[in-house]
Amino acid sequence: MKSHFFKMAFWLFLLWFFGGVQNIFAQNQDFESDFQSLSYPLEFLPGWYGNEVNATSSRVFQVSGLGKAGSKALAVQPISTFNGKIWIRLSPGDFQNPEVEFYAKSIQIGSGNRPVLVFYSWGENLDGEFSEPVQIGLDAEFSNENQEFRKFGIQIPEGLKSATKAVLVLEIRYGPGSGSAARWIMDDFQFGDLVKDETQPKVHEVKGYSENSLLIRFSEKVDPVFSTIPLAYGLNGENPEKAELLKDSLVVLTFSELLEQGEDHQISISQIPDLEGNFLRDTTVTFTFFDPTSISEKALVINELMPAPRAGQDLPNVEFIELFHAGENEFRLDGVRLSNSKLETALGEFWLKPGEYLILAPESSASQFIEYGQVLQVKNWATLLNSGDQVTIKSSKGVNIDQVSFTTSTWGGGEFANGGYSLEVPNPNFHCDNSGLLKPSLNPLRGTPGTQNSIFDPDPEIAQPKLVSAFFSDSTVIILLFSNPILPKLKKENLSISPNQEIDSLIYLTGIDILILLKSPAESNLVYSVKMNGLFDCHGNPLPDQEINLVLPSIPEKGDLIINELLFNPRTGDPKFVEIINISQKYLSLEGWALANSVDGENPDQVKVFGIPGLILEPEGYLTITTDPSSLRLAYPKSSQGNFLSISSLPSYPISGGTVYLISAQGQIEESFSYDEDLHHPLLSDPKGVSLERISPTTPTSQRSNWQSASGNEEFATPGRKNSQEISGEFEAELIRIEPEVFDPEGSSGPAFTSISYQLDQSGWVGTFKIYSSGGQLIQTLAQNQLLGTSGLLTWTGTDASGKQVRAGYYVLVAELYEPGGKTSLIKKTIVVATRL
């Protein structure tokens, strides 16, 4: 019986003890215990009540990571239809001189300017009467901005100091202004006999703030008057021009002279009190000065971009740009310029340490990235262009820090380009332009904001850069194009141009494009040689010296460029092609030139530009334009060394017939060629894989006799080289010229036709051209009383009037020419039709 009595007494003691301790501990609250989703008159924490307590981020709720030192805290979010109300049950009689202290701040919600207003009142019981509410501070005390925690105190009315129970009520009201109201955060609530602060402030840190200013960080809030007196500070014996207090415990000192980067300095600080009147001991601090706004090229890297986010993915449906600190000293980003092809904006205040990542996001949506790492809201965010854009960051002093360019092809396919994947840099420590190295993220989230990239490679394999092209964009600008990025260390002293051209300066466009600006214009159609040394790859390895020739081309004039060959009916698996030729003695710029087609022979359609920047055609040079040069070289081995240009797609040139248009950079039709299968040699059994060749470059394309099937001896096509059926030279003394005089209609060992060319002294002649057998029988009439120009061309394919091949032997061309004055000329020429020569 006795034993049971003692057991019962023991348990009653424990119940009383812990119940009493719990009641006393309820006087202090750090909000680390989980809230119960219970609203007044029920408690969400012991002794704490709220008018609408939620488990989500609304009304009255518990928030993680926003308390002091990243702890949990109490949060209240007032809206137009809700004001928060907190009841706190206290026991003043347990203390001699009880006081209330707590820390509070506001955080920004949206982009409006609406604050929250905080009031307090006192009462004896939860359901009793309360005093008139008193506002804490002014309306701007808790403005809609991201504040630091501040300590607040509330005096207990004299009539309640010895009371057994008292209730403190806090009202968090929806303030005046526009937009959403700020969110109110409370932490470390204390009630009781509080210990007074008698600790002297200390200097926690001294560092550079700009090129002529310092930032001093104190251990606590300091007096706003004493801390802004310049005489309280001395740098190497000199007082600053100005002292400005930032955020209660931060002071910026501005000096008249620039401070030396990397130099050691001593600063003395005295007579600075905290808010409680505790004065700082006279302090001298030695530090090394670095200007945090002096950000060198590639010290801050654009490490990741999300130009095309997508709804329904794990990452927020918000564009972002990630920066990586690849430098050695802390950076202050205020005033750093961020731009794309549409807009430039300035970044706000943020300190970034070496090795850290920073997520840049639009001001209205940046809070969605808080869980991923450090975030900086960007005002006036320029929406990135999904089709392709260039993103650049420059220092506040205008120094180009980094830039990357991308197009839809950067993703490597539509699945990634349209799938909400970010573009990542493989190694932010490379000092090269990263545009050509960007790849879509491999992370399951489809991006890695705030952390190391999924494609990170400490030593990625990059082919050795080579100079692949050099061309004039105008008479004073040369563009160098490399196969892969190079370090931007090339100086004008590393280049030489001959014949002698003096270089004014160099401009890096991207890692593979460099502009050379000349002091004087170059001479057109003169071949220049560019030599360079001092090149380095992205790893810092030296590259071999480079040399390349280039020429300032002329703008083509009418007739300089002509259509010379067409394959419109290729063999299965082979590509079509169009060949053009430069018949002038000038180097011609093809930039902006295009091909087109037409089914009706009147209106150009499907215009395809092939003239890329820097494309030049040398004098009497050939250029074959096709979709697959490699396949064309295999199909026609004799033309493997020809001049080919790859184009993504040609205009449609139907087998049944159509028109090929050659269009200048100004959009003018320079030449057109209407074709069909009837232009092929009549004895050709299968036209598939056989091109049509222009016989004479000086005879108009519209003259059908100026086109013939390519010779079988030359693989039935000659892309990128001289035509198999071309006639060379012009007339000198003879009115009529036959070439060749001996031919095989089957083309077994030479041309399958003969050309009959004429050149007259004036226009207006009329001519009749007929072919006779050696026995005098009429075989075929090539032209009957035809009005002739000053020059022209006819062809005979070795067939009679019915299209049948004639027998081998001698034949006679009889030409009757009638001058405008009435004089008649009769000319006879012998032609030999052979077989199997």
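Only the coordinates and a few stated rules stand behind these numbers; no lab work does. Only a predicted model underlies this, so the values are computations on that prediction, with no experimental measurement involved. Positions of Cβ are generated from backbone atoms using ideal geometry, with glycine treated the same way; all protein chains shown enter the neighbour counts.
Specify which residue in the list 639, 627, 776 is farthest towards the positive end of the charge dipole of the chain, using unit charges on the beta carbon of Lys, Arg (+1) and Asp, Glu (-1), about the Cα centre. Positive-end residue among those listed: 776. Which of the trypsin sites (Lys or Arg not before Pro) found in region 608-696 are in a DSSP loop and have at most 15 neighbouring Cβ atoms, other than their own, within 10 Å? Hits after loop and neighbour filter: 688. Please report the net charge: other residues with Cβ closer than 13 Å to the Cβ of residue 669, K and R +1, D and E -1. Summing Lys and Arg as +1 and Asp and Glu as -1 gives -3.
Give the shape of region 686-837 as rounded, prolate or oblate, defined through the alpha-carbon gyration tensor: a ≥ b ≥ c are the square roots of its eigenvalues, a/c under 1.5 means rounded, and otherwise the shape is prolate if a/b is larger than b/c and oblate if not. Please list the in-between numbers first.
On the way: a/c = 2.07, a/b = 1.32, b/c = 1.57.
It is oblate, given that a/c is not under 1.5 and a/b is not larger than b/c.
Across the options 146, 55, 280, the greatest Cα extent toward the positive end of the charge dipole of the chain (unit charges at beta carbon of Lys, Arg, Asp, Glu) belongs to 55.
The spacing between region 40-116 and region 431-464, judged by their C-alpha centroids, is 44 Å. Need one word for region 563-720: rounded, prolate or oblate. Basis is the Cα gyration tensor (sqrt eigenvalues a ≥ b ≥ c); a/c below 1.5 gives rounded, then a/b vs b/c decides. Verdict is rounded for region 563-720.
Averaging the sequence gap over all C-alpha pairs within less than 8 Å and six or more residues apart, then dividing by the number of residues, gives the chain a relative contact order of 5 percent.
Out of region 306-374, which trypsin sites (Lys or Arg not before Pro) are coil in DSSP terms and have no more than 11 other C-beta atoms within 10 Å?
Values: sites: 310, 332, 337, 342; in loops: 310, 342.
Here the trypsin sites (Lys or Arg not before Pro) that fit, given the DSSP loop and packing criteria, are 342.
Take every pair of alpha-carbon atoms less than 8 Å apart whose residues are at least six positions apart; their mean separation over the length of region 301-400 yields a relative contact order of 28 percent.
Could you size up the charge dipole of the chain around its Cα centre, putting +1 on the beta carbon of Lys and Arg and -1 on that of Asp and Glu, and report it in debye to the nearest 20? Mind dumping the intermediate values first?
Values: 60 positive and 102 negative charges, 320 e Å.
Here the size comes out at about 1540 debye.
Add -39500 (n - 2.57) for each DSSP H run of 4 or more in the chain, then divide by its residues: what number comes out at 222 nm, to the nearest 500 deg cm²/dmol? Could the numbers behind the result be given before it?
Numbers: 3 runs with 35 residues, N = 837.
Rounded to the nearest 500, the figure is -1500 deg cm²/dmol.
Note on the chain: dipole from Cβ charges, positive end direction compared against 751, 134, 232; the farthest Cα belongs to 751.
Arranged from highest to lowest average of other beta-carbon atoms within 10 Å per residue, in what order do the peptides 35-42, 445-452 appear?
Those peptides, ordered most packed to least, come out 445-452, 35-42.
Taking a sphere under 12 Å around the Cβ of residue 471 and counting the other residues whose Cβ falls inside, with K and R at +1 and D and E at -1, yields a net charge of -3.
Proximity of backbone amide H atoms, modeled 1.01 Å from N, is registered between residue 779 and 771, 772, 773 at under 5 Å, excluding neighbours fewer than 5 places apart on the same chain. The H on the amide N of residue 788, modeled in the peptide plane, is under 5 Å from the matching H of 764, 765, 766, 767, each at least 5 residues off or on a different chain. Across region 575-589, computed HN-Hα scalar couplings (Karplus, 6.51 cos²θ - 1.76 cosθ + 1.60, θ = phi - 60°) run x, 7, 7, 10, 10, 10, 9, 8, 8, 8, 9, 10, 6, 10, 7 Hz from first to last residue, x flagging Gly and Pro. The distance separating the Cα centre of region 219-292 from that of region 605-620 comes to 66 Å. Residues whose amide H lies under 5 Å from that of residue 564, counting only those 5 or more places away or on a different chain, are 579, 580, 581; hydrogens are built 1.01 Å from N in the peptide plane.
Grab the other residues whose beta carbon is less than 12 angstrom from that of residue 373, score K and R as +1, D and E as -1, and report the net. Every neighbour counted, the sum reads -4.
Within a straight-line Cα-Cα reach of under 16 Å, residue 823 can be paired with the following aspartates and glutamates, leaving aside sequence neighbours fewer than 8 residues apart in one chain: 761.
Within straight-line reach of residue 165, meaning a Cα separation under 13 Å, sit the following aspartates and glutamates at least 8 residues removed in sequence or on another chain: 94, 124, 127.
Here is the list for region 549-600: trypsin sites (Lys or Arg not before Pro) lying in DSSP coil, each with at most 16 other C-beta atoms within 10 angstrom of its C-beta, are 558, 571. Between helix 2-25 and the chain there is an angle of about 60 degrees, using the helix long axis and the longest principal axis of the Cα atoms. Report, in listed order, any pair from 151/247; 342/608; 207/397 with a Cα-Cα distance greater than 23 Å. Pairs exceeding the cut-off: 342/608.
For the pairs 72/221; 558/722; 491/519; 519/586, note any where the Cα-Cα span goes beyond 19 Å. Can you show the working numbers first?
Values: 72/221 23 Å; 558/722 22 Å; 491/519 15 Å; 519/586 24 Å.
Beyond 19 Å between Cα atoms: 72/221; 558/722; 519/586.
Give the relative contact order (percent, whole number) for region 535-622; include only Cα pairs under 8 Å separated by 6+ residues. Normalised by residue count, the contact order of region 535-622 is 25 percent. With both labels modelled 7 Å from their Cα along Cα-to-Cβ, the residue 531 to residue 646 distance reads 3.3 nm.
For semi-axes √(5λ) of the Cα gyration tensor in Å, the value computed from the atomic coordinates appears in the list (i) 90, 32, 21; (ii) 53, 47, 27; (iii) 71, 31, 24 under label (i). Highest mean packing comes first when the peptides 269-275, 547-553, 223-229, 257-263 are listed by Cβ atoms within 10 Å, giving 269-275, 547-553, 223-229, 257-263. Annotation: peptides 161-168, 421-428, ranked by per-residue average of other Cβ atoms within 10 Å with the highest first, follow the order 421-428, 161-168.
Partners of residue 85 within straight-line reach, counting lysines whose Cα lies under 17 Å from its Cα and excluding those fewer than 8 residues away in the same chain: 105.
Simple point charges give the picture: +1 on the Cβ of Lys and Arg, -1 on the Cβ of Asp and Glu, and for region 203-288 a dipole about the Cα centre of about 200 debye.
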